[in-house]
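Values quoted throughout were computed directly from the atomic coordinates according to the rules given, and no laboratory measurement underlies them. In this text, all values refer to a predicted model and were calculated from it rather than measured experimentally. Note: ideal-geometry Cβ built from the backbone for every residue, glycine included; neighbour counts use all protein chains shown.
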Amino acid sequence: MSRIATRFARLRAEGRGALVTYLQAFDPDRATSLEILRGLPDAGADVIEIGVPFTDPMADGPAIQKAGLRALKAGATVVGVLDLVRAFRDAERDTPVVLMGYLNPIETYGTARFCADAAGAGVDGLIIVDVPPEEADEVEPHARANGLDLIRLVAPTTDEARLPRVLGATTGFIYYVSITGITGTRSADYASLSPAIAALKRHTELPVAIGFGIRTPEQAAIAASVADGAVVGTALVETLAASLDADGRATGETVGRVLGRVRGLGEAVRAARKVAA
């Protein structure tokens, strides 16, 4: 079993959902980014998503766009992101790592080489937000050959006719987008989450994690109880940004504030019992 499958199976046996955290690699610099990554598992992160900085992040809201600019200014590259994962894996072997980003940097790096190098660095899965299943022929064979899960986004607007194609091309887990639009701009509509996840679960046995619009411990607990996980990204990126100095550099509070926010989210998720979908 992959690390992702193993982690979700363990959490299912424990009767709870996962806390999935997202932060941009190299934000605000490599050393701080690595220190935060290394602290995430103990703080409560069950799965770690790492953003690959890109100059045209069309699905990201203002906070994550600014994080990407800070990361690029700090020297982030695809090679650097993979090296960051490799350094994380020096001490942490069990927590799944998913890279989230866009196709252009992968194509520039070389798709086959990227998938091989990502797997070699310790990456477990990919979320490529601008590659729908219908256009994934370039990536899918190389990901599969290297044991990388390809995690797909399913939105409230994904219709019944297209859903089987999306689910059939998905491995690892399903990322359910709880709102339409870019990240970090609105909160999820929790009244609709339970029936939406129940409907989705009728079509798949894969774990489902809810993202986009999950900001507070209470929201994360609800999402992780009605689905198999809650993804929190913008709230963590904003916490990091609020700790920086006037020039966008890390301060003595940066690591502690981010990990403290994760700890609060993790405690809420662990206290919430999963309900049957």
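In the elastic network of the chain, a GNM with C-alpha springs shorter than 10 Å, the most mobile of GLY266, GLY15, GLY125 is GLY15. With each label modelled as a point 7 angstrom along the Cα→C-beta vector, the ALA116-ARG249 pair spans 4.0 nm. Backbone geometry of the range 141-147 corresponds, through the Karplus equation with coefficients 6.51, -1.76 and 1.60 at θ = phi - 60°, to 3J(HN,Hα) couplings of x, 6, 4, 4, 5, 9, x Hz, x marking Gly and Pro.
Of PRO28, PRO164, PRO41, the residue with the greatest mean-square motion in the GNM of the chain, using alpha carbon springs below 10 Å, is PRO164. The value given for the range 1-60 is a Kirkwood hydrodynamic radius of 13.1 Å, derived from the mean inverse Cα-Cα separation. For the range 116-259, the calculated P(r), taken from all Cα-Cα distances in 10 Å bins from zero up to the bin holding the longest distance, is 11, 34, 33, 19, 4, 0 percent. In order along the range 257-269, phi translates into HN-Hα couplings of 5, 5, 5, x, 5, 5, 4, x, 5, x, 5, 5, 5 Hz, rounded to whole numbers, per the Karplus curve 6.51 cos²θ - 1.76 cosθ + 1.60 with θ = phi - 60° and x for Gly and Pro. In terms of other Cβ atoms within 10 Å, LYS66, LYS73 run from fewest to most in the order LYS73, LYS66.
Springs join every pair of Cα atoms under 10 Å in this Gaussian network model of the chain, and among ASP159, ASP124, ASP60 the largest mean-square fluctuation is at ASP159.
Gyration tensor analysis over the Cα atoms of the range 1-103 returns equivalent ellipsoid semi-axes of 25, 15, 12 Å (largest first, whole Å). Here the convex hull built on the C-alpha positions of the chain has a volume of 112 cubic angstrom per residue. Among HIS203, HIS142, sorting on how many other beta-carbon atoms sit within 10 Å of each Cβ, with the fewest leading, yields HIS203, HIS142. One decimal place: the segment ALA13-ALA169 gains 53.6 nm when fully extended, by the rule 0.36 nm per residue minus the C-alpha distance. For the range 1-72 and the range 217-262, compute the distance between their C-alpha centroids and round to whole Å. For the range 1-72 versus the range 217-262, the Cα centre distance is 10 Å. Overall dimensions of the range 69-140, expressed as equivalent-ellipsoid semi-axes from the Cα gyration tensor (√(5λ), whole Å, largest first), are 20, 16, 11.
The label point for ASP56 and the one for GLU134, both projected 7 Å from the Cα toward the Cβ, are 2.0 nm apart. Working from label points 7 Å from Cα in the Cα-to-Cβ sense, the ALA199 to ARG144 distance is 3.0 nm. A helix-only calculation puts the chain at -14000 deg cm²/dmol for mean residue ellipticity at 222 nm, using -39500 (n - 2.57) for each DSSP H run of at least four residues, averaged over all residues. Taking 0.36 nm per residue of sequence separation and removing the Cα-Cα distance, the LEU69/MET1 pair yields an extension gain of 20.9 nm.
Within the shell defined by Cβ-Cβ distances under 12 Å, the residues around GLY75 carry a net charge of 0, with Lys and Arg each +1 and Asp and Glu each -1.
Hey, how much of the P(r) for the range 61-201 falls beyond 26 Å, as a percent of Cα pairs?
Values: 3087 of 9870 pairs.
Cα-Cα pairs of the range 61-201 separated by over 26 Å account for 31 percent.
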